[in-house]
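Accompanying notes for the structure given below.
The values are calculated or read from the model by the stated rules, or taken from the named source; none is laboratory data. Not measured: the values here are computed from a predicted model. Note that each Cβ is placed from the backbone with ideal geometry, even for glycine, and that neighbours are counted across all protein chains shown.
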Amino acid sequence: MPKKSFRQAVNEALRQEMERDPTVVVMGEDVAGGMGAPGEQDAWGGPLGVTKGLMPQFGRERVLDTPISESAFIGAAVGAAATGLRPVAELMFVDFMGVCFDQIFNQAAKFRYMFGGKATTPVVIRTMYGAGFRAASQHSQCLYNIFTHIPGLKVAIPSNAYEAKGLLIQAIRDDDPVMFFEHKAMYDEEAEVPDEPYAIPFGEANLVREGEDVTIVALGRMVNVARDAADRLEGEGISCTVVDLRTTSPLDRETVLETAAETGRVVVVDEAHPRCSVATDIAALIAQEAFESLEAPVRMVTAPHAPVPFSPALEDLYIPSADRIAEAVREVHGHGRR
Amino acid sequence: MPKKSFRQAVNEALRQEMERDPTVVVMGEDVAGGMGAPGEQDAWGGPLGVTKGLMPQFGRERVLDTPISESAFIGAAVGAAATGLRPVAELMFVDFMGVCFDQIFNQAAKFRYMFGGKATTPVVIRTMYGAGFRAASQHSQCLYNIFTHIPGLKVAIPSNAYEAKGLLIQAIRDDDPVMFFEHKAMYDEEAEVPDEPYAIPFGEANLVREGEDVTIVALGRMVNVARDAADRLEGEGISCTVVDLRTTSPLDRETVLETAAETGRVVVVDEAHPRCSVATDIAALIAQEAFESLEAPVRMVTAPHAPVPFSPALEDLYIPSADRIAEAVREVHGHGRR
Amino acid sequence: MQLSREDLLEAYRRMRLIREFEDAVHEEFAAGNIPGFVHLYAGEEASAVGMCMHLDDRDRIASTHRGHGHCIAKGCDPRAMMLEIFGKREGLCAGKGGSMHIADLEKGMMGANGIVGGGPPLICGAALAAKTLGTGGVAVAFVGDGGSNQGTTLESYNLAKVWNLPAIFVIEDNGYAESTASSWSVGGSQTGRAAGFGMPGVEVDGFDFFAVWEAAREAVERAREGGGPSLLHVRLGRYYGHFEGDACTYRAPDEVERLKAEKDPLMLFRRRVGEAGLLEPTDLDAIDREAREQIARAVSDAKAAGYPTEADLLTDVYASY
Amino acid sequence: MQLSREDLLEAYRRMRLIREFEDAVHEEFAAGNIPGFVHLYAGEEASAVGMCMHLDDRDRIASTHRGHGHCIAKGCDPRAMMLEIFGKREGLCAGKGGSMHIADLEKGMMGANGIVGGGPPLICGAALAAKTLGTGGVAVAFVGDGGSNQGTTLESYNLAKVWNLPAIFVIEDNGYAESTASSWSVGGSQTGRAAGFGMPGVEVDGFDFFAVWEAAREAVERAREGGGPSLLHVRLGRYYGHFEGDACTYRAPDEVERLKAEKDPLMLFRRRVGEAGLLEPTDLDAIDREAREQIARAVSDAKAAGYPTEADLLTDVYASY
Ligand SMILES: Cc1ncc(C[n+]2csc(CCOP(=O)(O)OP(=O)(O)O)c2C)c(N)n1
Ligand SMILES: Cc1ncc(C[n+]2csc(CCOP(=O)(O)OP(=O)(O)O)c2C)c(N)n1
Ligand SMILES: [Mg+2]
Ligand SMILES: [Mg+2]
């Protein structure tokens, strides 16, 4: 199978869905770029070149650059979704949600319920998240927990290029509003990605690795870090299951609970801050529903309750590492059976 | 001690702090009311009359009505806090946070850390939350979990008039940005409230009731519902501890863990939606840190993963009730010792 | 384009229906039969109807918390609306929305909105969809004077302009946002702002149906012809409080009485069509009677109708689960 | 009010420091010594300095992601800034902020900002504090052309107007927001918008220090005297990419060369003071030399300085724990 980068995978998903369905449009700041400028058009394709090439193929009518007005254009995507288009809007960094959250959580998310089931709002909001880019406090957050909290939204967080393509295609075809999280430090990472379009269903976690001793539940970029930790632990004789949640909403409770029950020992890995987070969500689920089979306390490996620091020296300490995951796994593994 | 309503308690806290400290100012939509109008000034005091009377005493220079521009005036409160005032801004309903969240979570919350410890931002944002008012999906949310997730913010959620006065005074005196949550259905509820000013320290939960069998952890209006449930259960021979968190950030981990360990059985009650919530936060904490002493799975009693419905028939089913809490307590109580 | 006799009757009918509807809701609220936050549109009828007379089902509107008038003007069924406001299962939104969230997407009514400034971005999207799909539709955001200061509204002006959208912003300036006067809260002027963003903007006497109709005609034509967005600053007045329960002490003592006596859009309409000999008083009286009966039936149906049940609580959160 | 010889030297010194600082950061970034997102201000110096020459420590400014110039113009220590940008513990923000979050509240510099449109609301607050506390201070928000379309900015115009705040909005229009031309993204005009919100607004040649200085003087005086907010639309150009790493293919091929050759604000300043016989070339050469040395030292100090350590990771999240 051909190897493609995460960036290519996202681009291909967009291109193929735009080819398939003329109502799919893309909008955002500089998603093409060069609007009104004297030089190259399609000059950017977003700040990291993810949407480059779409505008030349589909034209400015379907690849719309926007002013820096997130409320207006994210809201426009929502309004267009309620009236016949399937827009994919780019919220450049999820950190910017604070200037447009209303259109997402009070409008898009609630239309269907508030209007008694009569609205359909198939909008996708692609957004970058995560630390590791030395991008500091306002360009490095995760924040997917906030969207996961909101009924009416779906939240997809792909862990590699293959997942990105399949989950994005599903997101575009899905009739509900979907927040689609892309980790900015993963765009160059490659995986085998089929050329043809495929959709990965929402709410089905992926068993990245199966083991007997400890279950590691992770999401997004942390899936890879968790796998690294698991590889390392293999050498120490600790065999780990690694669960990639894929979507936090809907959540595949069954897979989480089954794998937790199988090993009786669970480590949850989440790049976000630790309070009211996906990590606590999973830990709470397990504490409630897999209590009987738990052999050790659940351990959460997360970023600390602090903004993301700029200095590389601090940021490297900040992000959950394979080391810290391995340590947590060893700890729950060593916990005496009860 | 004199009985005062929650509304009076909040008003008194504001008045006394404004008397004490000339840098305390109040701002928000119609916090006085009548601005520019031909009739009564101080006509509103907010939509539910909570700030009424402040403007006549302190003047329009310190009680500032605003246009409907939450980003601008909440941001102004933040900017003023960083430059010498101690503003108390009113975000009328917390549901409106979507149009101004950036100024709270990316600006106020992060200044101190981003600026290397050199900023102090003593702003308080008072806001109404909660269901029960038949106010429907966009005027009934809790959302405190979102603010609790954000490092740099403090979050206070008083459970009665006494708590409201003491926690609000602390919030105003505190040097960090504080989100202060007032349940809209509680303003007329009375409690004994001392006339003199007093501050309730943050991060110290309150033991509302001590029992031996089950610990109920609750916050805000749910504390009273939990207490009702506990009273009822007393008659059935189940004795409950009820913990009022008071602040979710900082969180009094010790009290939660101690009371959980004492009873070995815990029910967490939270009016918010169940995903990535304060309920999961507390459940996860207990699952991690009180695991050894747990006799039964933690149970969460929350609102469902659905927007708040308008119809009274549905809203009454929606809100966690004493019945549902009691049921959960009975369930964990009946769970065989392990 | 001219108003036919049928148009005139229809316009009056919609305005009267709105008035009757709001008066009935006012009474039922006072009697304790309607819960929640309810904001009434009585007195402002000429704005909604003057605009919506130009629109059909391919056109979209977004409304505000004060949405009943826009709904009726855009063709929503008043009976289903009344059931909704009473929280009943057969309500237009199955009882889940209530007064602040009435919508009927099939009629092009994209929703009342509990968030001030919530509508204008949505309308940019509806206008974009119309443009992209080539439906010839236009999209209209109704916004209060208070809502005109919300960043979401102001951003939308610019987006509509630079995308050259078939969008219209109707600023309904009833003098107040809650208790705050628009003469204070609005820096500059609405039409000056429109000009600042490069859009045509006109001030309109919102008590006069014909003035609104005429200004709306121009804006709708411009939008349909690809001429881009425009703004109407409609000056009008509300009869009731900000919401039901508002004591309105911030208003001048005789303000509402004078509005009703001198500026009632229904009265002014009757006078105008009478003076011009366009319609007979008997035509209008018949409409008045029918509207009164229709709304009375809606109220009694709403009272009789059943509530949603537990089975409805968790449905329709998602389109697919 | 007039510029003294000292003022002129000081203005030139600040502009040159900014230029040297940015050129050095550009080089160090290219060499891989500086991480993260870095946006350079080279070419825009006259705006920051033309405004900040009127300000003192009681005055506040809020900046943007392109903040280095505003910092230096407002008196931040370039050495501590350089250390910050290198992520070092002795940096102005202890290495926690980096290029996009440099602040020095004691100097009245309220922070660069990673959020486009983040600054204007804050400046309303600083202006309110100055007014309430009677300090006589003014508050200035620097905003890009792109940021002028953000709702937070537009709301702030209105708030500053209706509260009659000593606030100034400086729209630094360098022609682009990332790769998007301001000629496209800005509907209407900046000064038209100012008028729409009831504020004075003037267009200013931002390559010309004296033009900025003069326009700023008026705005600052007006604000200090209680005359309320105003807006400057400063037209200027940036030399480097949107951020370091931007290939700038959207620009005309010779655009930057022409800017440098014809519109360099430092060159224009030199020419002007030379022609008017206000300063000698040798005075300016000395400043150039000193600035170069000062920045070179800052860079070598930054390289030599130590990083923060694990003990710093969790401090300063709160003022009190
Ligand atoms: C974002 C937001 N802020 C505040 C409110 C509370 N609120 C509801 S209606 C209203 C006044 C609106 O005034 P205006 O826009 O003039 O409309 P009117 O009520 O006069 O029709 C306010 C402040 C809200 N619903 N949403
Ligand atoms: C709310 C928000 N949206 C988008 C961005 C990404 N972004 C950073 S700078 C920039 C362009 C800003 O353009 P302009 O305001 O003209 O400033 P300039 O870079 O030209 O100085 C964008 C889109 C952001 N940081 N914040
Ligand atoms: Mg109004
Ligand atoms: Mg620019």
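Name the residue, out of A:GLY220, A:GLY237, A:GLY334, that is more than 14 Å from chain D (Cβ to nearest Cβ), modelled with pLDDT under 95 and either within 24 Å of the chain's Cα centre (by Cα) or over 28 Å from B:MET300 (Cα atoms) (or both). None of the other options fit; the residue is A:GLY334.
Can you tell me which residue is farthest from ligand 4 (Cβ to nearest atom) among those in the stretch C:230-244 that are under 18 Å from C:GLY147 (Cα atoms) and away from chain B (no Cβ under 14 Å)? So the residue we want is C:LEU236.
Does B:GLY79 fit the bill of being surrounded by fewer than 24 Cβ atoms within 10 Å (Cβ to Cβ), within 7 Å of another protein chain (Cβ to nearest Cβ) and not acidic (Asp, Glu)? Before you say what the answer is, go through the steps one by one.
Working: surrounded by fewer than 24 Cβ atoms within 10 Å (Cβ to Cβ): no; within 7 Å of another protein chain (Cβ to nearest Cβ): yes; not acidic (Asp, Glu): yes.
Criteria not met by B:GLY79.
Those residues that are touching a residue at least 12 places away in the same chain (Cβ under 8 Å) and small (Gly, Ala, Ser), I need them from the stretch A:312-332; list them, please.
Of the residues in the stretch A:312-332, the ones touching a residue at least 12 places away in the same chain (Cβ under 8 Å) are A:312, A:315, A:318-326, A:328-332.
Correct list: A:SER321, A:ALA322, A:ALA326, A:ALA328.
Evaluate the following for D:GLY137: is it away from ligand 2 (no atom under 16 Å from the Cβ), in a loop (DSSP other than H, G, I, E, B) and more than 10 Å from chain B (Cβ to nearest Cβ)? In short, no.
Summed over the stretch D:221-262, residues that are charged (D, E, K, R) and within 13 Å of ligand 2 (Cβ to nearest atom) total 5.
Checked against the criterion of being within 18 Å of B:VAL88 (Cβ to Cβ), charged (D, E, K, R) and over 13 Å from the mean Cα position of the chain (by Cα), the candidates B:ARG134, B:ARG173 yield just one match: B:ARG173. B:PRO312 satisfies every condition listed in (1) in contact with a helix residue (DSSP H, G or I) (Cβ under 8 Å, 6 or more places away or on another chain); (2) within 14 Å of chain C (Cβ to nearest Cβ) except (1). Might you check whether a residue that is outside any loop (DSSP other than H, G, I, E, B), within 7 Å of another protein chain (Cβ to nearest Cβ) and either closer than 18 Å to B:ALA272 by Cα or aromatic (Phe, Trp, Tyr) (or both) occurs anywhere in the stretch B:121-143? No: the stretch B:121-143 contains no residue that is outside any loop (DSSP other than H, G, I, E, B), within 7 Å of another protein chain (Cβ to nearest Cβ) and either closer than 18 Å to B:ALA272 by Cα or aromatic (Phe, Trp, Tyr) (or both). Against the definition (touching a residue at least 60 places away in the same chain (Cβ under 8 Å), more than 28 Å from C:ARG224 (Cβ to Cβ) and within 16 Å of ligand 3 (Cβ to nearest atom)), how does C:MET100 come out, yes or no? Considered against the rule, which asks whether it is touching a residue at least 60 places away in the same chain (Cβ under 8 Å), more than 28 Å from C:ARG224 (Cβ to Cβ) and within 16 Å of ligand 3 (Cβ to nearest atom), C:MET100 comes out as yes. Taking (1) over 23 Å from A:VAL332 (Cα atoms); (2) buried (at least 24 other Cβ atoms within 10 Å of the Cβ); (3) not assigned by TED's automatic domain parsing to the domain that holds A:VAL24 in turn, A:LYS154 satisfies each apart from (3).
B:GLY117 meets each of the listed conditions (1) of a type outside the set (D, E, K, R); (2) in contact with a helix residue (DSSP H, G or I) (Cβ under 9 Å, 6 or more places away or on another chain); (3) surrounded by fewer than 24 Cβ atoms within 10 Å (Cβ to Cβ) apart from (2).
Taking the stretch D:1-105 and the helices (runs of 4 or more DSSP H) fully enclosed by it, the elements with 1 or more residues that are buried (at least 24 other Cβ atoms within 10 Å of the Cβ) and in contact with a strand residue (DSSP E or B) (Cβ under 7 Å, 6 or more places away or on another chain) are at D:45-52, D:68-73. Take the conditions (1) more than 7 Å from every other protein chain (Cβ to nearest Cβ); (2) in contact with a Pro (Cβ under 7 Å, 6 or more places away or on another chain); C:GLY95 misses just one of them, which is (1).
Considered as a group, the residues in the stretch C:148-178 that are more than 7 Å from chain D (Cβ to nearest Cβ) and farther than 17 Å from C:THR64 by Cβ include one that is nearest to ligand 4 (Cβ to nearest atom), and that residue is C:LEU159. Of the residues making up the stretch B:159-176, one or more are at the interface with another protein chain (Cβ under 8 Å from one of its Cβ atoms) and buried (at least 24 other Cβ atoms within 10 Å of the Cβ). It is to be established whether one or more residues within the stretch C:161-179 are within 15 Å of ligand 1 (Cβ to nearest atom), over 23 Å from C:LEU40 (Cα atoms) and out of contact with any Cys (no Cβ under 8 Å at 6 or more places or on another chain). Looking for residues that are within 15 Å of ligand 1 (Cβ to nearest atom), over 23 Å from C:LEU40 (Cα atoms) and out of contact with any Cys (no Cβ under 8 Å at 6 or more places or on another chain), one finds none in the stretch C:161-179, hence no. Could you tell me whether B:VAL99 is outside the structural domain of B:ILE319 (by TED's automatic domain parsing) and either over 17 Å from the mean Cα position of the chain (by Cα) or modelled with pLDDT under 95 (or both)? Considered against the rule, which asks whether it is outside the structural domain of B:ILE319 (by TED's automatic domain parsing) and either over 17 Å from the mean Cα position of the chain (by Cα) or modelled with pLDDT under 95 (or both), B:VAL99 comes out as yes. Every condition in (1) of a type outside the set (Ser, Thr, Tyr); (2) within 14 Å of another protein chain (Cβ to nearest Cβ); (3) in contact with a helix residue (DSSP H, G or I) (Cβ under 8 Å, 6 or more places away or on another chain); (4) more than 21 Å from B:ALA81 (Cβ to Cβ) is met by B:PRO56 except one, and the failing one is (3).
Search the stretch D:98-118 for residues being facing another protein chain (nearest Cβ under 8 Å) and touching a Cys at 6+ places or on another chain (Cβ under 7 Å), and hand back the single one that is nearest to D:ASP56 (Cα to Cα). Only one residue tops the list, namely D:ASP104.
To keep it simple, each residue is scored yes or no on (1) surrounded by 24 or more Cβ atoms within 10 Å (Cβ to Cβ); (2) within 17 Å of B:SER69 (Cα to Cα).
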site: C:GLY144; (1), (2): yes, yes
site: C:THR153; (1), (2): yes, yes
site: C:TYR157; (1), (2): yes, yes
site: C:PRO166; (1), (2): yes, no
site: C:GLY188; (1), (2): no, yes
site: C:GLY192; (1), (2): no, no
site: C:PHE197; (1), (2): yes, no
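Evaluating C:MET53 against the criteria (1) at negative phi; (2) within 7 Å of chain A (Cβ to nearest Cβ); (3) more than 16 Å from ligand 1 (Cβ to nearest atom) leaves one unmet condition, (2).
The set of residues from the stretch C:56-73 being more than 14 Å from chain A (Cβ to nearest Cβ) and touching a helix residue (DSSP H, G or I) at 6+ places or on another chain (Cβ under 8 Å) comprises C:HIS68, C:GLY69, C:HIS70, C:ILE72, C:ALA73. The residue that is farthest from ligand 1 (Cβ to nearest atom), among those in the stretch B:127-148 that are touching a Leu at 6+ places or on another chain (Cβ under 8 Å) and of a type outside the set (Ser, Thr, Tyr), is B:PHE147.
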